[in-house]
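> Quick one: structure below, then a few questions.
The values are calculated or read from the model by the stated rules, or taken from the named source; none is laboratory data. Note that the structure is predicted; figures quoted are calculated from it, not measured. Heads up, the Cβs are rebuilt from the backbone with ideal geometry, glycines too, and the neighbour counts pull from every protein chain shown. Surface areas here come from the heavy atoms of the whole protein model, side chains and all, with no ligands, DNA or RNA. Shrake-Rupley method; radii C 1.70, N 1.55, O 1.52, S 1.80 Å.
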Amino acid sequence: MLFNKSIKAAFIIIFIVFLNACQITHKPKVDTALFELMPIPNEMVGKGWLEKFQFSGVVEQSMLVSTEFSEKMIKVAALSFEGVPLSQLQFNTLTEQLTTTNSLGVDLDGKKIIYDMQSAFWPLALLKQHMCKNCQITQAAIAGQLTRRFYRGDTLIREVIYNASQTQLVDNEQNYRLTIERLEEY
């Protein structure tokens, strides 16, 4: 009888530990989207950019990024400053199909790159049309600098600050900062 109580007690302890482990390892998916991904604006079709990306926060990394726009496709190539390919992606804005090739162990989130690009460089009117429920965007001059602010409810989630050829994106929810320096437009 004592043996059965010990087995039951051990089983209960193991079960509680298992439940706690499940609770610790289970991280519910948080929908962080403020807007739906959008098609390429007509004024950007056939154009491209060469930019320097500098990430800080969760990840510290810098790279050169070349972006080209066609009628339905965004093509991005990320390179080290020595010219070594780090990642390439193609995003079809009509089907939202993403093809990514990463090299040298650099794992970039292609949809996040597209999302950041759209939040910073897509026309304000287009962004407003594609905002998710309970989200809003404002754009105004703050301290002499054009600034976009993205809110979920009353909470400031993301801020984009424009200063000549440099754009700074601060994401408060995901705790990172991206500084983009436009080196060339073609």
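> By how many nm would the segment from L98 to V58 grow when fully extended, if each residue of separation counts as 0.36 nm and the alpha-carbon distance is taken off?
Once the chain is fully extended between L98 and V58, it gains 12.0 nm.
> Using amide H atoms built 1.01 Å from N in the peptide plane, name the residues 5+ places from L86, or on other chains, whose amide H lies under 5 Å from its own.
A78, L79, S80
> Something else about it: Report the relative contact order of region 47-168, percent, no decimals, based on alpha-carbon pairs under 8 angstrom and at least 6 residues apart.
11
> Using θ = phi - 60° and the Karplus curve 6.51 cos²θ - 1.76 cosθ + 1.60, what whole-Hz ³J(HN,Hα) does each residue of region 39-55 get, with Gly and Pro shown as x?
Computed from phi, the couplings for region 39-55 are x, 7, x, 3, 5, 9, 4, x, 10, x, 9, 10, 9, 9, 9, 10, 8 Hz.
> A follow-up question, please. How much of R152 can a 1.4 Å solvent probe reach, expressed as accessible area in Å² and rounded to 10?
R152 exposes around 60 Å² with every protein chain in place.
> Let me ask something additional. Take the solvent-accessible surface of the protein heavy atoms, probe 1.4 Å, and return the percent of it on region 92-186 that carbon and sulfur atoms account for.
With neighbouring chains kept in place, the figure for region 92-186 is 47 percent.
> OK, next. Grab the Cα-Cα distance for Q129 and N42, subtract it from 0.36 nm times how many residues apart they are, and report the gain in nm with one decimal.
Full extension of this stretch gives 29.7 nm more.
> Counting heavy atoms of the protein chains only and a 1.4 Å probe, report the per residue accessible area for region 31-186 as a whole number of Å².
Heavy-atom accessible area per residue stands at 53 Å².
> Just how much of V65 is accessible, in Å², when a 1.4 Å probe is used and the result is rounded to the nearest 10?
Rounded to the nearest 10, the figure is 0 Å².
> Under 20 Å Cα to Cα from K112, which aspartates and glutamates show up? Leave out anything in the same chain fewer than 8 places away.
Filter leaves D31, E36, E51, E60, E68, E96, E159, D171, E173, E181.
> Assuming 1.002 mPa s and 20 °C, estimate D for region 39-102 with Stokes-Einstein, Rh taken as the Kirkwood radius over Cα pairs, in µm²/s.
Stokes-Einstein gives a translational diffusion coefficient of 170 µm²/s.
> M73: accessible area at probe 1.4 Å, nearest 10 Å²?
Accessible surface of M73 is approximately 40 Å².
> Net charge near R158: determine it from the other residues with C-beta under 11 Å of the C-beta of R158, scoring Lys and Arg +1 and Asp and Glu -1.
0
> Residues of region 153-186 with amide nitrogen under 15 Å from the 7 Å Cα-to-Cβ point of Q136?
Within reach of a label on Q136: 153-158.
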